[in-house]
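Please treat every number below as a calculation from the coordinates, not as lab data. Predicted model only: the values in this text are computed from it and were never measured. Quick reminder, even Gly has a Cβ in these numbers, built from the backbone with ideal geometry, and neighbours come from all protein chains shown.
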Amino acid sequence: MTLPSLSLADFFPLLPAILMVVGACILLLSEVFLSATSSRAYQAVLTVVTSVAAGAVAVAMMFEPPREVMLGFGVLDPFSSFLTFVVSVCVGLAALSSVGFLRNRGAERGEFYALMLFASAGMSLLAMSNELITLFVNIEVLSIATYALTAYLRRGTRPSEAGFKYFILGAFSSAVLLYGAALLYGATGTTNLSAMVGPLGGAMQAQPALVYTGVVLVGAGFAFKIAAVPFHMWTPDVYEGAPSPVSALMSAGVKAAAFAAMVRVFFTLGQGIDPRLPLALFSALAFLTMVGGNLLAIPQRNVKRMLAYSSIAHAGYLLLGVAALFVTAPGEQFRLLGPSELTGGSPLDLARAGALRGILYYLLAYTFSAVGAFAMVSALERREDEEKGTAWDLERFSGLAQRRPGWAFAMAAFMLSLGGIPPTIGFMSKLLIFQSAVDAGLIGLTIVAVLSSAAGVYYYLRVVVYMFMRPVPEGAQVLERNWGTELALVVSTAAVVVLGIIPGPITAWLEQAGTLFGR
Amino acid sequence: MSFFDNHLLNLVVFLPLLFAALVLVLPASEAGQIRTVTLIGMLVDAVFGVWAYMRYVPGGPEFQLEYRVPWFEMFGTSYHIGVDGLAVSLLLLTVFLGPLVVMASTTYISHRIKEFHLALLVLQTTMLGALVSLDVLLFYIFFEAMLIPMYLMVGVWGAEDRQMAAVKFFLYTLAGSLLMLVAIIAVYFISAPAGSRSFDYAAIYNGLLDANRQLSACAAGPEGACDSLTGLARTLYTWGPWLFGAFALAFAIKVPMWPVHTWLPDAHVQAPVAGSMILAGVMLKMGTFGFWRFAIPFFPVATQGARPFLAVLSVIGIVYGALMCLAQRDIKKLIAYSSVSHLGYCMLGILAVTAEGATGSAYQMLNHGVSTGALFLLFGFLYERRHTRLMADFGGIAKVMPMFTTAFLIITFSSVAVPGTNGFIGEFLVLLGTFKSDLGAAAGNVHLTAVFGAFATLGVILGAAYMLWMVQKVFFGGLTHRENQHLPDLSLREGVTVLPFLILVLVMGLMPQPFLDRINPSTERFLARARVGTPGATVDPSQVRVEVMSLPSKQTAAAPSAPVPLAAVPSTRQ
């Protein structure tokens, strides 16, 4: 066996992940030399700088030609680069909102930010993975970091419960995924996704049961990761128990990376197996997730739990975009999903590129809105109330418009964006997803999507009602300001509002990002 | 077209937003400054709005003062604005109401003044934007965005049940318009082949036109006319009614037509005086405007099928609204239900598809904005003095507030369509148009036309009854309540606010021609487009096709809206 020789240039595509890992190592090492009372303000700054650098590199890479990297274990394509950009945005904003959060709890440590950066390096690499073992390893890299982050605040029962629950179910879902991958390896004799397409056709003839089971198990594993109904049970408890900035990272970053990997895996598998299988799988998941997530969010008075259920609902809209990827000839599949005539009938390439763009744009929009909303939650919560469970009650938001008009405006923008009301980025991204779904002929699912998003607006508006239309409660606590939180709010509000009105460079990047390697 | 003409509409639309930015930097405690800046903003905007109204040449091209630049090209849209006769008339109404609404709220709004004026200015921009949008998606964005400031206005500055009313208003409207969004996307896809798609109004309309003509010819049917239907025509045959339904539902909720009107009484009653004035004055017109501009021209054949049904709903709305008014004890609710009734006329006039009906309907849209806006304004003054909405708490007010009573009476006459006021012209034309229409034939029996007309006329009579009955109870008779003995009459500020309404009632009633001149070209085009769906009707092709400016960029080559010389358009006369 000969060791592969890699030149320095071969590592260039991994630069964002390398930057994040280096940043994390600096954080870990420098922490050793600090006393308990030293100032740790540099840690968040370093994290943000690292993520900005990684994001900038990712944007530059979007214009690189798609190719295999690291001997075919990974790929560099605009799709993965855009996703790395999304992850960088997410981790940068989450780190900013952690500053005040950790200081209030006396829990500022370099490990926290280092774990965040490790997790995001895992996310970035996961989006690039083109081989099932690499994919699994990267899932574990990001998962183990987030397990630790979830239980980072060890005091109290909630974080431990959340961390344990997340760990058990996360490990279970990873095992399911791995088992599915093993079956696929058994059927095709390779773990490389690009190499798998060829033998898959033959394996389908020889051992259809093996292939189908593998595909379904891999799908179930991913469904756990992205919290699709009915694999969503862990989400609200974990998001509620985790520190709010970590919930933000999980709801946006982890989900984005898992979506990217899922799209890549199934897109490749879809070329070998009957695409109707993934279409049926994702249509059913999308339907259940959109309806279930929105209906379950309606009765929540706890804003953090509401955001958790809302993140489930948003996974549903994204699944709608994923389902649109697998429509080969509109109307031939299921009459139930939509009429054959009412479609764009765009050439398959165009339609799929549109769906990929929709998914990426939606992930970006969701990242800005959800991370912003979690930052607001973390700004309002107090440690004393966590055990009582009132730290995240809607009551917290009463009269916010009078106490902190800027915050109330920001939160209103996030809520409207999550609800998909123009002129916000949330509307534009929903539009792109719906456009590709209609183009693919999934009219029925699109109607379900718009109706469930109308139901969703009800619970988003409730937050706005409390902020703007309720009086300030008696004896309300003083709202502390923190530069990190405020900066995170300003950046995400600006993005949510401005990108909803002016396309900016994002759409130019998106034009690129509809390219998936091997298509 | 000069530079100024190009940007005139941009100026009108975004000037309020500019002043909102100005208000934003003022300190919240400076109520006087905030009000003054807002008022100046609205007045300047009104000046430019009137200017735009004057610049509109009635005999010119359909859309004037156009402006178009690329915007979110990836989505297939562009920033494209321009006005036709109806839009410029409604624009005039909107900028006319703007400053008056600010003046009406001077004393009514006493807390969170800065936020209120911000909401007012943003609302103005979104409403004007919706009126001038020539891109369907742009229209949709403004159409939805206007919900946000209105929702805040009802929910923050409204009466006791404001939160419920605000949420109901928002969700009701949103549910309808989201379905329309799916329909818009579907229409976008079917109206042109891949690569040349656009959300532009002209692109979509012209894309559907030939299919609509074929379908219409097929329905009129010499044998074999249906054999050569294109794919698009067949799609429209199957799914046109559904798409039309989605558009119609969204706009019907906004109008509101019976039976989806239930959000309106709540929202109107709970809203502050400014909210009610804008809601009644402009926002409801977005529904009728939507039918006129989008729903009916896009789907004339489906419209033809649904006309009797929609006309029945309109007539029910007219009569039901009037009957509900007769049963009210709450004055504001009465005015709200009278809106349901009046907007029923607007819808009936549109659905009649006759010159009189459509003109009357467009005129009635303006009238209703003036008269109902003024009614809410005047009632707002009364409410500020007594803080009650019940008729029983008043009586004999004429003795203590003679000027107020005079103003109220004049507006009442306009509302019940007394000859000489603006209301008369609108309602008369609508009724005339209904009697002359083929609604009965469309419904299956020629004599049914008279039934529609008769019920609509009944609405007029009932309208006079409930308004005069209310006036009598509130203003005449003896002073039954001691609290009312010392009510002050109109102050100077209030008088100045009401005066423009009174003048407009008389001007529009006695000199309708300048207003009708601008509406007429739109009416003719609307009729031509609606008649594409009428089997056997003769349609002038030059009136049908939509001509707009194309994007001044690389897209021009691929744009489906590239103007085709009129001579090249095949005529489908039969």
**OP:** Identify, from the list A:VAL472, A:VAL463, the residue that is in a loop (DSSP other than H, G, I, E, B) and more than 10 Å from chain B (Cβ to nearest Cβ).
**Re:** A:VAL472
Original post:
What number of residues within segment A:141-158 satisfy the criterion of being surrounded by fewer than 17 Cβ atoms within 10 Å (Cβ to Cβ) and under 13 Å from A:GLU111 (Cβ atoms)?
Top reply: 1
Subject >> B:GLU115 vs. criteria under 19 Å from the mean Cα position of the chain (by Cα) and within 11 Å of chain A (Cβ to nearest Cβ) >> reply: no
Subject >> Lone qualifier among A:SER35, A:SER39, A:SER30 - being touching a residue at least 12 places away in the same chain (Cβ under 8 Å), more than 22 Å from the chain's Cα centre (by Cα) and surrounded by fewer than 18 Cβ atoms within 10 Å (Cβ to Cβ) >> reply: A:SER30
Original post:
Hey, any hits in segment A:377-387 for a residue that's of a type in the set (S, T, N, Q), away from chain B (no Cβ under 14 Å) and surrounded by fewer than 20 Cβ atoms within 10 Å (Cβ to Cβ)?
Top reply: no
**OP:** Answer yes or no: is there a residue in segment B:6-14 that is in a helix (DSSP H, G or I), more than 14 Å from chain A (Cβ to nearest Cβ) and within 17 Å of B:VAL282 (Cβ to Cβ).
**Re:** yes
Original post:
Of the conditions (1) surrounded by fewer than 24 Cβ atoms within 10 Å (Cβ to Cβ); (2) more than 14 Å from the chain's Cα centre (by Cα), B:ASP135 fails just one. Which one is it?
Top reply: (1)
Original post:
Do any residues in segment B:404-427 that are free of Cβ contacts under 8 Å to residues at least 12 places away in the same chain have Cβ atoms under 7 Å from those of residues that are not in a loop (DSSP other than H, G, I, E, B) and not small (Gly, Ala, Ser), where the two are at least six apart or on different chains, and which pairs are they?
Top reply: B:VAL418/B:PHE424
Original post:
Residues in segment B:238-248: is at least one within 14 Å of chain A (Cβ to nearest Cβ), more than 28 Å from the chain's Cα centre (by Cα), among the β-branched types (Val, Ile, Thr) and not in a helix (DSSP H, G or I)?
Top reply: no
Subject >> Test: B:TYR172 is within 11 Å of another protein chain (Cβ to nearest Cβ), surrounded by fewer than 24 Cβ atoms within 10 Å (Cβ to Cβ), touching a Ser or Thr at 6+ places or on another chain (Cβ under 8 Å) and assigned to a helix (DSSP H, G or I) >> reply: yes
Original post:
What do you reckon, is A:THR390 over 21 Å from the mean Cα position of the chain (by Cα) and either more than 14 Å from chain B (Cβ to nearest Cβ) or within 23 Å of A:PRO505 (Cα to Cα) (or both)?
Top reply: yes
Original post:
Applying the selection to segment B:187-203, what residues are at negative phi and either away from every other protein chain (no Cβ under 14 Å) or part of a loop (DSSP other than H, G, I, E, B) (or both)?
Top reply: B:SER191, B:ALA192, B:PRO193, B:ALA194, B:SER196, B:ARG197, B:SER198, B:PHE199, B:ASP200, B:TYR201, B:ALA202, B:ALA203
**OP:** Could you run through segment B:97-115 and say how many residues are of a type in the set (Phe, Trp, Tyr) and crowded, with 24+ Cβ neighbours inside 10 Å?
**Re:** 0
Original post:
Out of all the residues in segment A:446-460, which are in contact (Cβ under 8 Å) with a residue 12 or more places away in the chain, facing chain B (nearest Cβ under 9 Å) and of a type in the set (A, V, I, L, M, F, W, C)?
Top reply: A:ALA449, A:VAL450, A:ALA455, A:VAL457
Original post:
Considering B:THR107, B:THR126, which residue is of a type in the set (Ser, Thr, Tyr), closer than 20 Å to A:TYR460 by Cβ and either within 11 Å of chain A (Cβ to nearest Cβ) or not in a helix (DSSP H, G or I) (or both)?
Top reply: B:THR126
Subject >> Criterion: small (Gly, Ala, Ser), under 20 Å from B:MET146 (Cα atoms) and away from chain B (no Cβ under 11 Å) - qualifying residue of A:GLY500, A:GLY484, A:GLY426 >> reply: A:GLY426
**OP:** Confirm whether B:GLY395 is within 26 Å of B:SER491 (Cβ to Cβ), touching a residue at least 24 places away in the same chain (Cβ under 8 Å) and part of a loop (DSSP other than H, G, I, E, B).
**Re:** yes
**OP:** Return a yes/no flag: does segment B:59-77 have any residue that is of a type in the set (Gly, Ala, Ser) and crowded, with 22+ Cβ neighbours inside 10 Å.
**Re:** no
Subject >> When residues of segment B:139-163 are limited to those that are facing chain A (nearest Cβ under 10 Å) and farther than 22 Å from A:PRO405 by Cα, the one surrounded by the most Cβ atoms within 10 Å (Cβ to Cβ) >> reply: B:PHE143
Original post:
For segment A:295-315, how many residues are farther than 8 Å from A:TYR459 by Cβ, within 19 Å of the chain's Cα centre (by Cα) and of a type in the set (S, T, N, Q)?
Top reply: 1
Subject >> Search result, residues across segment A:396-418 that are of a type in the set (Gly, Ala, Ser) and either over 19 Å from A:ASN302 (Cβ atoms) or in a helix (DSSP H, G or I) (or both) >> reply: A:ALA401, A:GLY406, A:ALA408, A:ALA410, A:ALA412, A:ALA413, A:SER417
